[in-house]
Amino acid sequence: MRTTIANVIDILIVEDNAGDARLIREILNDDKLSGSLSLAKDGVEAMDFLRKKGKFRSVPTPDLIILDLNLPRKDGREVLAEIKNDEELKHIPIVIMTISQAEEDILRSYNLYANCYITKSLDLNQFTRAVKSIEDFWFSIVKLPPKMDNLNKTPDWINIPGKKRMFDKK
């Protein structure tokens, strides 16, 4: 029996294949997930989403990103590098989920600080099992980092006149 999670988890799926995106959403869209599932269809849209540009001004910052590598307009490898080099975004865990089994893609993804690398299977049962493993690991076992927005809010018990908090911007 599945347990429900107490925290709201927002996920950004960056996937250009409509069938894969729909399947990932269907698998994750059960009673265990509380939050939002958002979709970016290419790398440019993903970065606009993450930087809250244009139509994405009011979207939630994702707690987890599921990223395909082979994307139009901006490749997933570029997206990964851009996210991990951005002080506001680099804390977000990124699961690479791609068809590529190339060793250079695996090594490069980890060198760019991907949190894990999963090769998509063409077999529906194996694909489903892979997505369920993402769900089980990232939503039940792992403690996700707090949203950066929450770190900028000072709880009443931390306010000490004249003292800077370690996460205050200089």
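Please go through segment 121-143 and pick out each residue that is surrounded by 15 or more Cβ atoms within 10 Å (Cβ to Cβ) and either part of a loop (DSSP other than H, G, I, E, B) or touching a strand residue (DSSP E or B) at 6+ places or on another chain (Cβ under 7 Å) (or both).
ALA130, ILE134, TRP138
Taking ALA40 as the residue in question, decide whether it is over 20 Å from PHE137 (Cβ atoms), surrounded by fewer than 19 Cβ atoms within 10 Å (Cβ to Cβ) and free of Cβ contacts under 8 Å to residues at least 60 places away in the same chain.
Working: over 20 Å from PHE137 (Cβ atoms): yes; surrounded by fewer than 19 Cβ atoms within 10 Å (Cβ to Cβ): no; free of Cβ contacts under 8 Å to residues at least 60 places away in the same chain: yes.
No, not satisfied.
Residues in segment 65-85: is at least one of a type outside the set (D, E, K, R) and on the phi > 0 side of the Ramachandran plot?
Narrowing segment 65-85 to residues of a type outside the set (D, E, K, R): 65-67, 69-72, 76, 79-81, 83, 85.
Now narrow it down to the ones that are on the phi > 0 side of the Ramachandran plot: none.
No; the residues of segment 65-85 include none that is of a type outside the set (D, E, K, R) and on the phi > 0 side of the Ramachandran plot.
Residue-wise test of (1) at pLDDT 95 or above; (2) under 15 Å from the mean Cα position of the chain (by Cα); (3) not polar (S, T, N, Q).
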position: MET47; (1), (2), (3): yes, yes, yes
position: ILE65; (1), (2), (3): yes, yes, yes
position: PRO72; (1), (2), (3): no, no, yes
position: VAL79; (1), (2), (3): yes, yes, yes
position: LYS90; (1), (2), (3): no, yes, yes
position: THR98; (1), (2), (3): no, yes, no
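Restricting to segment 82-107, what's the tally of residues that are crowded, with 16+ Cβ neighbours inside 10 Å and in contact (Cβ under 8 Å) with a residue 60 or more places away in the chain?
Adding up the residues that qualify gives 1.
Could you look through segment 122-168, keep only residues that are of a type in the set (Asp, Glu) and modelled with pLDDT under 85, and pick out the one that is farthest from the chain's Cα centre (by Cα)?
First pass over segment 122-168, keeping only residues of a type in the set (Asp, Glu): 123, 135-136, 149, 156, 168.
Restricting the remaining residues to those that are modelled with pLDDT under 85 gives 135-136, 149, 156, 168.
On the way: GLU135: 12, ASP136: 15, ASP149: 16, ASP156: 30, ASP168: 25 Å.
If we take residues in segment 122-168 being of a type in the set (Asp, Glu) and modelled with pLDDT under 85, then ASP156 is farthest from the chain's Cα centre (by Cα).
Per-residue answers, yes or no, for (1) modelled with pLDDT under 95; (2) in contact with a helix residue (DSSP H, G or I) (Cβ under 8 Å, 6 or more places away or on another chain); (3) within 17 Å of PHE127 (Cβ to Cβ); (4) among the β-branched types (Val, Ile, Thr):
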residue: ASN7; (1), (2), (3), (4): yes, no, no, no
residue: ASN17; (1), (2), (3), (4): yes, no, yes, no
residue: LEU33; (1), (2), (3), (4): yes, yes, no, no
residue: LEU37; (1), (2), (3), (4): yes, yes, yes, no
residue: ASP42; (1), (2), (3), (4): no, no, no, no
residue: LEU50; (1), (2), (3), (4): no, yes, no, no
residue: GLY54; (1), (2), (3), (4): yes, yes, no, no
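The values are calculated or read from the model by the stated rules, or taken from the named source; none is laboratory data. Because the structure is a prediction, the values reported are computed rather than measured. Note: ideal-geometry Cβ built from the backbone for every residue, glycine included; neighbour counts use all protein chains shown.
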